[in-house]
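Colleague: Attaching a single structure in structure tokens format; questions to follow.
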Amino acid sequence: MDVNDTRSRNMAAIKSKDTLPERLVRSILHRAGFRFRKNDPRLPGTPDIHLPKWKCVIFVNGCFWHRHQNCRYTTTPKSNIEFWEKKFRANVERDARKYSVLAAQGVRVIIIWECELNGSIEHLQKQLMDQITNPAE
């Protein structure tokens with residue numbers, strides 16, 4: 001089995017919905033008493049979490065796929081570099097478009113990066129509660 005076959009198998013195993021980071025964020029929200037919808041298809045970009053009462057959505061982004069700036073997990077595979085750069089650029093552009101459309105509809109967008117989930121859960125919970133309940137004016 002060559003490198004490309006291995007990479008293909010690994011990439012195919014990565015889920016787009018109901019990932020461990022998403023489940024962790026949902027668990028934090030649920031314990032804090034928030035009610036939400038998962039992967040709401042009625043909104044642009046099908047946000048990972050939609051809090052209708054708060055007119056807020058949360059995207060739990062993987063650092064690798066969504067290109068978290070200055071993050072150690074934002075690596076680029078060494079083979080087929082042109083393909084990967086094009087793929088990553090398209091992901092970032094699509095993210096920017098969906099965030100803009102949501103903001104234009106009056107929906108607040110919160111982005112949680114996968115690497116942020118490696119720290120203190122209490123800190124993440126406080127940060128989330130602040131962002132949800134105290135929107136920046």
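All of the numbers you see were taken from the coordinates with simple rules; none came from a lab. In this text, all values refer to a predicted model and were calculated from it rather than measured experimentally.
Colleague: Give me the percent relative contact order of the chain, please, defined on Cα pairs under 8 angstrom at least 6 residues apart.
Modeller: Once normalised by length, the contact order is 22 percent.
Colleague: For the Cα atoms of the chain, what angle does the longest principal axis make with the long axis of helix 121-133, in degrees from 0 to 90, nearest 10?
Modeller: That works out to roughly 60 degrees.
Colleague: Given H placed 1.01 Å from N in the peptide plane, which residues other than close sequence neighbours of ARG108 have an amide H under 5 Å from its amide H?
Modeller: For ARG108, whose amide H was placed from the backbone, the distant partners under 5 Å are CYS56, VAL57.
Colleague: If you take every DSSP beta bridge whose two residues both sit in the chain, what share of them, in percent to the nearest 5, is antiparallel?
Modeller: If we restrict to bridges inside the chain, about 45 percent are antiparallel.
Colleague: Please work out which option in [x] 14.2, 46; [y] 14.6, 41; [z] 16.2, 55 gives Rg and Dmax of the Cα atoms in Å calculated from these coordinates, and answer with its label.
Modeller: It is the value labelled [z].
Colleague: Let me test this: with uniform point scatterers at the alpha carbons of segment 61-137, what is the Debye-based log₁₀ I(q)/I(0) at q = 0.15 1/Å?
Modeller: -0.67
Colleague: Please report, in Å, the Rg and the Dmax of segment 38-104, where both are computed over Cα atoms only.
Modeller: Here Rg and the maximum Cα pair distance are 14.0, 46 Å.
Colleague: As I understand it, the value is the acute angle between the Cα axis of helix 81-104 and the longest principal axis of the Cα atoms of the chain; what does it come to in degrees, rounded to 10?
Modeller: Result, in degrees: 10.
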